Amino acid sequence: LCILSLFIPLITEQSKNLSLLDIEDLKSNLNTLYLQTLEYFGATTGNVNELIEESHIEESVLKGLDLGFIPNFLNSFVNALSTFSIGLFSVLFISFFFLKDSKLFQNGLLTFVPDNKESNMVKSIDKINGLLSRYFAGILLQLFILFVIYTIALLIVGVENAIVIAFLCALFNIIPYVGPIIGGVIMITLTMTSFLGADFSTVILPKALYVFIGLIIGQLVDNFFSQPFIFSTSVKSHPLEIFLVIIIAGLLFGVVGMVVAVPGYTAIKVILKEFLAEYSVVKKLTKNL
């Protein structure tokens with residue numbers, strides 16, 4: 001948290017710069033990029049212009065592309081980040097008193113548990129606290145590693161606002177499976193629009209390719225090192241088990257369900273082990289806990 005907090009002022013400042021984005025200019029840039037892409041992949045400039053005149057592609061693209069939400073979104077992000085900073089220190093302040101009186105939360109839960117089950121609940125709380133503490137520490141490490149890899153890739157090719165773009169794309173990784181794809185699309189698109197006016201085949205496309213390679217490296221590190229480490233040392237669950245839990249939670253509760261699936265499932269497993277350990281199904285599910 002201390003390391004990440006050092007980047008918050010810089011990220012906030014770069015986010016403010018992004019929030020001043022000119023929508024009309026962005027529309028023009030995206031349309032130019034669209035035309036350059038068509039031309040690069042087989043069509044001449046004359047053919048592209050003829051195609052636009054005949055089918056009104058340019059008009060339909062601009063009509064269907066409403067980018068007016070972007071400044072509001074970025075302003076909201078800046079405000080949310082500022083609120084997050086305040087909230088972070090508030091949480092740390094409150095956590096200090098919870099640590100000072102560690103039995104406060106536990107005693108509150110025990111008021112709802114029968115006397116003969118109190119010892120089981122105490123064991124469950126201690127176990128959940130230990131597992132989830134390691135899990136969230138692992139998630140922060142995972143995001144930080146991706147943030148560093150993405151930042152290096154973007155800075156190497158000279159993308160403006162590289163730090164805030166890397167931060168946003170790394171943050172999307174919190175959403176399992178879908179998040180990395182969204183973050184990757186955003187990163188590559190912003191990379192290509194950062195170099196409009198340059199030659200497509202010798203500048204824009206190679207730089208987008210370099211960023212894509214950085215994205216792939218980040219995901220390889222995440223999938224083969226970060227995630228196995230987090231799941232094996234914290235929640236102690238099989239990758240296939242985690243995959244099924246995330247998919248089911250996503251189908252039932254959407255993106256929020258996917259985000260909270262792993263910690264929620266871990267807590268449920270611990271409680272089942274303490275209260276229903278005699279059942280064979282529970283024994284198989286919780287044998288590594």
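In terms of the mean number of neighbouring beta-carbon atoms within 10 Å, the peptides 147-154, 123-130 order highest first as 147-154, 123-130.
May I ask you to compute the full-extension gain from GLU278 to PHE229, defined as 0.36 nm times their residue separation minus their alpha-carbon distance, rounded to one decimal in nm?
On the way: separation 49, 0.36 × 49 = 17.64 nm, distance 2.98 nm.
Extra length available between GLU278 and PHE229 comes to 14.7 nm.
Between the stretch 215-245 and the stretch 99-172, the alpha-carbon centres lie 15 Å apart. Relative to the current alpha-carbon distance between ILE182 and ALA137, full extension at 0.36 nm per residue lengthens the span by 13.8 nm.
For the stretch 104-153, report the convex hull volume of the alpha-carbon atoms normalised per residue, in Å³, without decimals.
Details: hull volume 3.4 nm³, N = 50.
That works out to 68 Å³ per residue.
Give me the log10 of I(q) over I(0) for the stretch 186-289 at q = 0.10, 0.13, 0.23 Å⁻¹, as the Debye formula computes it from C-alpha points; what are the numbers? With one equal scatterer per Cα and no solvent, log10 I(q)/I(0) is -0.48, -0.66, -1.15.
What order do you get for GLU274, GLU160 when you list them from fewest to most C-beta neighbours inside 10 Å?
Working: GLU274 21, GLU160 15.
Ranked by crowding around the Cβ, least crowded first: GLU160, GLU274.
Looking at the stretch 155-194, the chymotrypsin sites (Phe, Trp or Tyr not before Pro) that sit in a DSSP loop and have at most 12 other Cβ atoms within 10 Å of their own Cβ are TYR177.
Run the paramagnetic zone check for LYS123: 7 angstrom along Cα to Cβ, then residues of the stretch 248-272 with backbone nitrogen under 17 Å. Counting backbone N atoms under 17 Å from the label point, the list is 267-272. Each of PHE229, PHE224 has some number of other Cβ atoms within 10 Å of its Cβ, and from fewest to most they run PHE224, PHE229.
Here, each number is a calculation from the coordinates, and none is a lab measurement. Here the structure is a predicted model, which means the values were calculated and not measured. Here Cβ is always computed from backbone atoms with ideal geometry, including for glycine, and neighbour counts include all displayed protein chains.
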